[in-house]
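What follows is one structure encoded as structure tokens, with my remarks underneath.
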Amino acid sequence: MAETGKGVTAGKLAINVQKRLTRAQEKVLQKLGKADETRDAAFEEMVSNFNKQMTEGTKLQRDLKAYLTAVKTMHDASRRLQDCLADMYEPEWFGKEEMDALAEDTDTLWLDYHQSITDKSMSSMDTYLSQFPDIKARIAKRDRKMVDFDSARHHFASLQKGKKKDEAKIAKAEEDLGRAQKIFEELNVELQDELPALWDNRVGVYVNTFQSLAGHQEKFHREMSKLSQNLNDIMTKLEEQRQLKKGGTAAAKTADGAKSEEANHSESASSPPKSAVTNGSDGELPPGFLYKVKAIHDYAATDNDELELKMGDVVLALAFDNPDEQDDGWLMGVKESHWLQNKDISAKGVFPENFTQKV
């Protein structure tokens, strides 16, 4: 049994029970066809649109939350991957500092992306959906008051048609009818203004939500593309560093073999062999010419004294002016095409021997 004195008095409780009973009786009579029901087809269409709009908005909110969860998951996976690479990256490898900075920038970019969607798209949807519970409650209240109005209308009509008229009861029923009609019409008019406006507003909400989301996605992927390119460049340089070290080891072994071979020749390495200086149709060859090599890989020069090579280039290997300046695994030379055209060795430069082979 409900307690009194805590916001619900016995009188109020009795009134509420009576209202529910009267509404139930009225609904039964309407379903049986013994009482007519107030109908408004236009309003019913508004309610149908409202229910559809609320369902769609709720689904969009749920899918946006799922998208945010996926972004968070991708962020966590990206962070673990970057941390793994940073832990494995040895200090002497190319671009160690750049790699550490890249990991931090990538983490920050994911954080900003997640926060931007939360602040803009997600908060916009939350605000949009927050108005639906109140309107839904008022629609339900309007339906209840419509039943009250129908019940009061039928009660008043039955008293008027009675054989024995009680003027006091009729006056009281008419007063109840007026009060019920006023409450119902006030709610009805308010909702008839609000529901069409809310229905039209959904387009603007969807546009703002997805435009904001698309803008954040475009910015995120643009910045992430730059970071990915930086990572690719670092990896390319690291591989070049490895190839140079590998080539230096091979060149050292080749140099040891060349020294033992040169010991069998009476002429010094700095003097070109007579047979080499005149090489068939090549005509005159540059001073200090040793032999020809052909590039088997592209080589991008990293210093002013280095020779840029493209695969297939023929290079005339030259003796160093000062043999002490020659590093293991490196040769001095000038491209044959340049020599044949200009007959000078001003464009000579050093290049890694392991990027070429003798011809």
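Table for the structure above
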| item | result |
| --- | --- |
| Percent RCO, i.e. relative contact order, over the range 148-205, from Cα pairs under 8 Å lying at least 6 residues apart | 36 percent |
| Note, ³J(HN,Hα) from phi for the range 57-66, Karplus 6.51, -1.76, 1.60, rounded to Hz, x at Gly and Pro | x, 5, 5, 4, 4, 5, 6, 5, 5, 5 |
| Accessible surface of the range 95-169, 1.4 Å probe, proportion on carbon and sulfur as whole % | 53 percent |
| Cleavage-rule hits, trypsin sites (Lys or Arg not before Pro), the range 140-193, DSSP coil, Cβ neighbours within 10 Å at most 16 | K163, K164, K165 |
| Accessible area expressed per residue, the range 305-350, with surrounding protein chains retained (probe 1.4 Å, Å²) | 56 Å² |
| Cα pair distances in the range 65-192, grouped into 10 Å bins until the bin that holds the longest one, percent each | 11, 20, 14, 11, 9, 9, 9, 8, 5, 3, 1 |
| Under 13 Å from the Cα of K219 - aspartates and glutamates, other chains or at least 8 residues apart | D112 |
| Qualifying trypsin sites (Lys or Arg not before Pro) in the range 38-111, DSSP loop, other Cβ atoms within 10 Å at most 12 | R39 |
| Net length gained if the chain between E306 and D112 were fully extended (0.36 nm per residue, minus Cα distance) | 65.5 nm |
| For the range 147-212: accessible area per residue (Å², 1.4 Å) | 64 Å² |
| The range 307-359: C-alpha gyration tensor shape, a/c 1.5 cut-off, then a/b vs b/c | oblate |
| Inverse mean reciprocal Cα-Cα distance (Kirkwood Rh) of the range 110-248, Å | 21.5 Å |
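The values are calculated or read from the model by the stated rules, or taken from the named source; none is laboratory data. Keep in mind it's a predicted model, so treat the numbers as computed, not measured. FYI the Cβ positions are ideal-geometry reconstructions off the backbone, even for glycines, and counts take in every protein chain you see. Note: accessible area is taken over every heavy atom of the protein model, side chains too, but ligands, DNA and RNA are not part of it. Shrake-Rupley method; radii C 1.70, N 1.55, O 1.52, S 1.80 Å.
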